[in-house]
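Peer 1: Here you go, one structure.
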Amino acid sequence: MAFRFDLITLFPGLVRDVMTYGVVGRAVETGIVQVNSWNPRDYALDRHRNVDDSSYGGGPGMVMKAEPVDRALEAAFEAGANGSVVYLSPQGRKVDHGLIEYTAAQSGLVLLAGRYEGVDERVLEARVDQEWSIGDFVVSGGELPALMIVDAVTRLLPGALGDRQSAEQDSFSAGLLDYPHYTRPELYAGRTVPEVLTSGDHGRIARWRAKQALGRTWLRRPDLLRDAELSAEQKQLLAEFKDEYEMPGRHC
Ligand code: 9D3
């Protein structure tokens, strides 16, 4: 069975467009994933189809009305939506790879994307299981965050990536940053490609890449390294990287 996403959004067209590109587009075409959108505006009952109103208590900005969101969620579940209801919001739990992996092991997810200042708190209390944030910065609404979740989860579904890419994925699942990449030409703007990468020695290349991944993680994201459990070989490679970093020139 396909993994099923149901998105509650005032911009279903935005969702539909994004769903036609790249890895997610292919996963939709091959039936690995199914993405449905539900527009609260279609479930607004008043004659102007209002989906927002001013905030009780005053202040600038509008709030998404409870009833259209509630009815859109109801329609989604009526049509077979399954899984937790997640509200994308700046107040949510910060999403990380572990949460994406956990989600990919389920069979569906309902994503509620807010606009304006957010959704009436009473629908959240009644209908939402979890609140997720994509990071400590402000975007204009929940659609792009929801689409990021769809993208990240879809990549992990069996068959969504080619074989070569899925092997590569293991390196990020290991919780390290990636090593540097190069392609032709060998000399660009006075800079050469590291010699090892053109040596044809696959063992040396693998060790160099592993060392670069460890070294960059040490330099840029020491927080990730503290959580990683390194093998004896990885510890050795990182020690070599640190040596060379502290005494450049002594090793080449
Ligand atoms: C600028 C208005 N803000 C303070 C008065 C509150 C605010 C409301 C709605 C800030 C952002 C948003 C819209 N953001 C999201 O819907 C959102 C989000 C985000 O902004 N950052 C990180 N993760 C997410 S998930 C959804």
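Peer 1: Can you grab the distance from the C-alpha centre of the range 202-252 to the C-alpha centre of the range 104-125, Å, no decimals?
Peer 2: 41
Peer 1: Antiparallel DSSP bridges in the range 1-105: what percent, to the nearest 5?
Peer 2: Restricted to the range 1-105, the bridges split so that about 35 percent are antiparallel.
Peer 1: Right, another one. How would the range 42-128 be classified by its alpha-carbon gyration tensor: rounded, prolate or oblate, with rounded meaning a/c under 1.5 and the a/b versus b/c comparison settling the rest?
Peer 2: It comes out oblate by the Cα gyration axes.
Peer 1: How high is the relative contact order of the range 19-147? Use alpha-carbon pairs under 8 Å, at least six apart in sequence, and give a whole percent.
Peer 2: Relative contact order, the range 19-147: 25 percent.
Peer 1: Continuing with the same structure: Helix-only mean residue ellipticity at 222 nm, the chain, DSSP H runs n ≥ 4 weighted -39,500 (n - 2.57), per residue, nearest 500. What is it?
Peer 2: After summing the helix terms and dividing by the residues of the chain, the value is -13000 deg cm²/dmol.
Peer 1: Using the Karplus curve 6.51 cos²θ - 1.76 cosθ + 1.60 with θ = phi - 60°, work out ³J(HN,Hα) for each residue of the range 45-54 in order, rounded to whole Hz, and write x for Gly and Pro.
Peer 2: 9, 6, 6, 9, 6, 5, 10, 9, 7, 6
Peer 1: A further question on this structure: Given a 10 angstrom Cα cut-off, can you work out which residue in Thr192, Thr20, Thr217 is the most mobile in a GNM of the chain?
Peer 2: Thr192
Peer 1: OK, next. Give the aspartates and glutamates reachable from Lys235 as a straight Cα distance under 19 Å; neighbours fewer than 8 places away on the same chain don't count.
Peer 2: Partners within reach: Asp170, Asp178, Asp223, Asp227, Asp243, Glu244, Glu246.
Peer 1: Taking the Cβ of each residue in Ile205, Ile134, Ile8 as the centre, tally the other Cβ atoms inside 10 Å and list the residues starting with the fewest.
Peer 2: Ascending number of Cβ neighbours within 10 Å: Ile205, Ile134, Ile8.
Peer 1: Among Glu240, Glu29, Glu246, what is the fewest-to-most ranking by other Cβ atoms within 10 Å?
Peer 2: Arranged by neighbour count, lowest to highest, Glu240, Glu29, Glu246 become Glu246, Glu29, Glu240.
Peer 1: Is the range 213-252 rounded, prolate or oblate when judged by the Cα gyration tensor, a ≥ b ≥ c being the square roots of its eigenvalues, rounded requiring a/c under 1.5 and prolate requiring a/b larger than b/c?
Peer 2: Oblate is the answer for the range 213-252, as a/c is 1.5 or above yet b/c matches or exceeds a/b.
Peer 1: Here's a follow-up. If amide hydrogens are placed 1.01 Å from N in the peptide plane, which non-local residues have theirs closer than 5 Å to the one on Ile8?
Peer 2: Amide H neighbours of Ile8, under 5 Å, 5+ apart: Trp38, Leu111, Leu112, Ala113.
Peer 1: Relative contact order, percent, of the range 36-101 when contacts are C-alpha pairs under 8 Å separated by at least 6 residues?
Peer 2: Relative contact order for the range 36-101 comes out at 27 percent.
Peer 1: From the Cα gyration tensor of the range 1-44, with a ≥ b ≥ c the square roots of its eigenvalues, which class applies: rounded if a/c is under 1.5, or else prolate if a/b is larger than b/c, or else oblate?
Peer 2: Verdict is oblate for the range 1-44.
Peer 1: Which is farthest toward the positive dipole end of the range 104-252 among Leu230, Ala152, Ala105, measuring Cα position about the Cα centre, with Cβ charges +1 (Lys, Arg) and -1 (Asp, Glu)?
Peer 2: Leu230
Peer 1: Next up: Below 8 Å, C-alpha to C-alpha, sequence gap of six or more: please give me the relative contact order for the chain in percent.
Peer 2: Once divided by the residue count of the chain, the mean separation gives 18 percent.
Peer 1: Report the charge-dipole magnitude of the chain in Debye, nearest 20, computed about the Cα centre from +1 at each Lys and Arg Cβ and -1 at each Asp and Glu Cβ.
Peer 2: 680
Here, each number is a calculation from the coordinates, and none is a lab measurement. If you're wondering where the values come from, they're calculated on a predicted model, not measured in any experiment. Backbone-built Cβ (ideal geometry, glycine too); neighbour counts: all protein chains shown.
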